[in-house]
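Please read the structure below before turning to the comments.
Values quoted throughout were computed directly from the atomic coordinates according to the rules given, and no laboratory measurement underlies them. Just so we're clear, the structure is a prediction, and the values are computed from it rather than from any experiment. All Cβ positions, glycine included, derive from the backbone under ideal geometry; neighbour counts span all protein chains shown.
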There are 2 protein chains.
Amino acid sequence: MQRLKGFREFFPEPLPPGQEWSCDLRQHIQDCWRRTARRYGFREYDGPPLEPLELYTAKSGDEIVGQLFNFEDKGKDAVALRPEMTPTVARMVAATERAYRKPIKWFSMPQLFRYEMPQKGRLREHYQLNCDLFGETDPGADAEVIALMIDVLRSLGLGEEDFVIRLSSRKAWQEFFEREGGKVEAAYAFFQAVDKMERDDAETFARRLEPTGIRPEAVRAFVSEGKPTVELQGILDNLTARGLGGYVRLDYGVIRGLAYYTGVVFEAFDRKGEFRAIAGGGRYDGLVEMLSGGKVRMPALGFGMGDVVLALLLRERGLVPSFESTIDVVVLVEDETLRGESLGLVQRLREAGRAVDYTLTPLKADKQFKRALELGAGHWARLERGEDGGLVVRVKDLKTRVERVGKPGEEPALLAE
Amino acid sequence: MQRLKGFREFFPEPLPPGQEWSCDLRQHIQDCWRRTARRYGFREYDGPPLEPLELYTAKSGDEIVGQLFNFEDKGKDAVALRPEMTPTVARMVAATERAYRKPIKWFSMPQLFRYEMPQKGRLREHYQLNCDLFGETDPGADAEVIALMIDVLRSLGLGEEDFVIRLSSRKAWQEFFEREGGKVEAAYAFFQAVDKMERDDAETFARRLEPTGIRPEAVRAFVSEGKPTVELQGILDNLTARGLGGYVRLDYGVIRGLAYYTGVVFEAFDRKGEFRAIAGGGRYDGLVEMLSGGKVRMPALGFGMGDVVLALLLRERGLVPSFESTIDVVVLVEDETLRGESLGLVQRLREAGRAVDYTLTPLKADKQFKRALELGAGHWARLERGEDGGLVVRVKDLKTRVERVGKPGEEPALLAE
């Protein structure tokens, strides 16, 4: 009755032998995602993890089914665990957009699922930050979304030396394609060929291009010349004005394979090139209209950032914080006749917002103290009988070794520094 | 392509017409859950939302299958969306307990799924806070877990007048059953009968009891006498020492239907009796052993608290905070020649941790100001040309109406109060 292949269990740190996924790290990543998105004025939404299968086949065709966890439920409905968030958010926005001010800036961090043959490092689920902006065509919106992607990565401690956003434009490629006399019916094949050109050898690339009517040399020249369109230059200038210019570079080598992008496209990579893309996104002005069955027209762009590559990169760069010390105060119960009053002390400290632990059963004083150290607690606190027979609270800061004494109820002040 | 029946979409507030589930409220509930569990020294874990079907049938028998979202995946594995967390956490603890200090105090807030016929108010998914304590038999552990349940509800603003924990004991009922000469083979039927007695009429109750050899009058007398066992009295005293005595009352009317409870059982109810149970739990000292196939023996207790009844109760009691104001500062761009510098201002404020919004495209000054008010922003900030031609930042607190002026870079101080 082990867990299913490709699914993760998340444990508290320090991780037990043989476990590699930390619930503390997952929470740290999700906290940074949420905090940064909120600073940008993005609001959180979520949808069901189980959706009608048709939601995905309508967007991506029947071929997608082979990659899904799909089944027929007891009510004979064809359903699937969500492999991506875009169809869900497009439905939610199309249904309610009139109630929201534009632009609509939304984020979510769903767990997504795909049925793939288990391979090393290939999981069947991951968490993905999704940030989308609806209702604005101006490149200022594109810059805002790219700046958010940069700041999400920065909030995790990654800097200019760690990652770069490769910025490109599906529109620029479309114009190139038309200028070079590409065959209209082969446009998608052309995007696919460019998407794969970095991985392909010259021969394969030429073969992929053949039906499109475009010469490989023309493609290579366009990429190496790398002349920004007016729109891309505007986005670069906007990011530079924010002080984020060093995180982004124009690079037509990126095009993104999916059919529905209509404008800017971008991907984040680690500078050393050790990992797959960290995040990617772009503008898809026609998608809401398509997914709403033509009912709602709404320009949009967004990006997705998964947690798996990100966690590997953070570990590799030494950017995973220590999660060992989660206890602020250990209350020592050295005199069992004071257990009741000690429980009152525990309660007061917790009500003051402190994380507090104590031994649930009688234990020798030195073992309780040892446990406080093992827990990495910041302080211990204990009740003692004062000279007049009344109770006093003694608090010790385990870092500075400073002790303070006060009356019961004065604990917040004793812990103040 | 609507969402599936019984599944929720969570929208940002203010909620659009026809929508009842707020992502902000979901986050508020989960924040309170997490914060309180951490104050008690509980650590977060999570497992897969999809599990082998056998994990649930091994614990609950084949009858459970009718209530599950289960299917055969493409690899021919029988799998199910998790209907509860206990089998998952028991597996995780059994596999790794040697690496953790005892007692192990863990929490999680999984989304759980059950296939039920759609009815008004009956959902097919919900979030559930799960808190469990492993490795301690002492009633001090029971009191700690019950105190946590109380403080989780208090953290949401619920008080003594809103809810009560009904405290009972499967062990006390077991002793009663043996003392009264109940038939050993009918023990489970007896627990089931007691579990349903509050909803059943006298006749039905008597019929349910018949095969057990216990008289209805004896059961009623035991409940109304309500004499605490030594163990229960110890738990009540422990909670009273924390100042939480007013939140709990002994009540043998609670027994909990599931087979595996072995000691204390408890349920939280709203005092007005308008809702189903808010939360429930108990001690299950044999479950880890059973679920680990006899490999690991580990006493344990825990509770679960769902988000659906809780959200309804919070709304009914007026305890849902306002989520309308999520923006700290709106940056006004009144002079388009200053847009680049204004983006720098936006960036600095966000890097100082503020939630900042601004108009992505040129807009009349009065409309920008109106939007700041609509967003419920705390401040606006804008760049102006000073008398010497240099730039100054003006910040206005929209509540106190105080304006402050400083140099670019001084914004954190201008916003300080």
Notebook entry, point to check: In the range A:329-414, what % of DSSP beta bridges are antiparallel (nearest 5)?
Noted result: 65
Next item on the list: Measure nothing but the geometry: give the 0 to 90° angle between the long axis through the Cα atoms of B:365-374 and the longest principal axis through the Cα atoms of chain B, rounded to 10°.
Entry: 20
Checklist line | Dipole-positive endmost among B:173, B:99, B:145 within the range B:97-234 (Cβ charges, Cα centre) | finding: B:99
Next item on the list: Please sort by residue number the trypsin sites (Lys or Arg not before Pro) in the range A:1-59 whose DSSP state is loop and whose Cβ has at most 13 other Cβ atoms within 10 Å.
Entry: A:5
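With charges only on Cβ, +1 for K and R and -1 for D and E, what is the dipole size of the range B:1-121 about its Cα centre, in debye, rounded to 20?
The dipole magnitude comes to about 640 debye.
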Checklist line | Share antiparallel - DSSP beta bridges, chain A, percent rounded to 5 | finding: 80
Check: How many angstrom separate the Cα center of the range A:224-247 from the Cα center of the range B:202-250?
Finding: 72
Margin query: Once you place label points 7 Å from the Cα toward the Cβ at residue B:220 and residue A:220, how far apart are they in nm?
Written below: 9.4
Item checked: Centroid-to-centroid separation of the range B:321-360 and the range A:109-175 [C-alpha atoms, Å] -> 22
Next item on the list: Compute the long axis of helix B:170-179 from its Cα atoms, compare it with the longest principal axis of the Cα atoms of chain B, and write down the angle in degrees, 0 to 90, nearest 10.
Entry: 10
Note to self: Going by Cα centres, the range B:39-88 and the range A:262-280 are how many Å apart?
What the structure shows: 36
Notebook entry, point to check: Listed highest first by mean packing, meaning other Cβ atoms within 10 Å per residue, what order do A:370-377, B:307-314 come in?
Noted result: B:307-314, A:370-377
Notebook entry, point to check: Among chain A residues, which Cβ is nearest the axis of the A-onto-B rotation, and at how many Å?
Noted result: A:71, 2
Next item on the list: Would you mind calculating the relative contact order of the range A:1-138 from Cα pairs under 8 angstrom and at least 6 residues apart, reporting the percent as a whole number?
Entry: 25
Check: How many partner chain Cβ atoms sit within 10 Å of a residue's Cβ in peptide A:68-78, on average, as a whole number?
Finding: 4
Next item on the list: Compare the peptides A:294-305, B:268-279, B:201-212 by average per-residue count of other Cβ atoms within 10 angstrom and give them in order, highest first.
Entry: A:294-305, B:268-279, B:201-212
Item checked: Helix A:307-316 axis, angle to chain A major axis (alpha carbon atoms, nearest 10°) -> 70
Check: Once the dipole of the protein assembly as shown is set up with Lys and Arg at +1 and Asp and Glu at -1 on Cβ about the Cα centre, which of B:365, A:108, A:383 lies farthest towards its positive end?
Finding: A:108
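Using a simple charge model, +1 on the beta-carbon of Lys and Arg, -1 on the beta-carbon of Asp and Glu, nothing else, what dipole does the range A:329-414 show about its Cα centre, in debye to the nearest 20?
The dipole magnitude comes to about 300 debye.
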Next item on the list: Using only atoms on other chains, find how many Cβ atoms lie within 10 Å of each Cβ of peptide B:45-55 and report the average.
Entry: 6
Next item on the list: For the range B:329-414, calculate the relative contact order in percent as a whole number, restricting contacts to Cα pairs under 8 Å that are 6 or more residues apart.
Entry: 29
Checklist line | Cα-centred dipole magnitude for chain B, charges only on beta-carbon of K, R (+1) and D, E (-1), debye, nearest 20 | finding: 200
Note to self: If I take every Cα pair under 8 Å that is 6 or more residues apart in the range B:92-198, average their sequence separation and divide by the length, what percent do I get for the relative contact order?
What the structure shows: 18
Notebook entry, point to check: Taking a threshold of 31 Å on the Cα-Cα distance, which of the pairs A:105/B:396; B:5/B:367; B:59/B:102; A:272/B:102; A:367/A:407; A:399/B:105 fall above it?
Noted result: B:5/B:367; A:272/B:102
Note to self: Give me the inter-chain shielding for B:243-250: mean count of other chain Cβ atoms within 10 Å, whole number please.
What the structure shows: 1
Item checked: Neighbourhood net charge (12 Å Cβ-Cβ; Lys/Arg +1, Asp/Glu -1) for residue A:171 -> -3
Notebook entry, point to check: Which Cα, out of B:314, B:301, B:338, lies furthest along the positive dipole direction of the range B:282-393 (beta carbon charges, K/R +1, D/E -1)?
Noted result: B:301
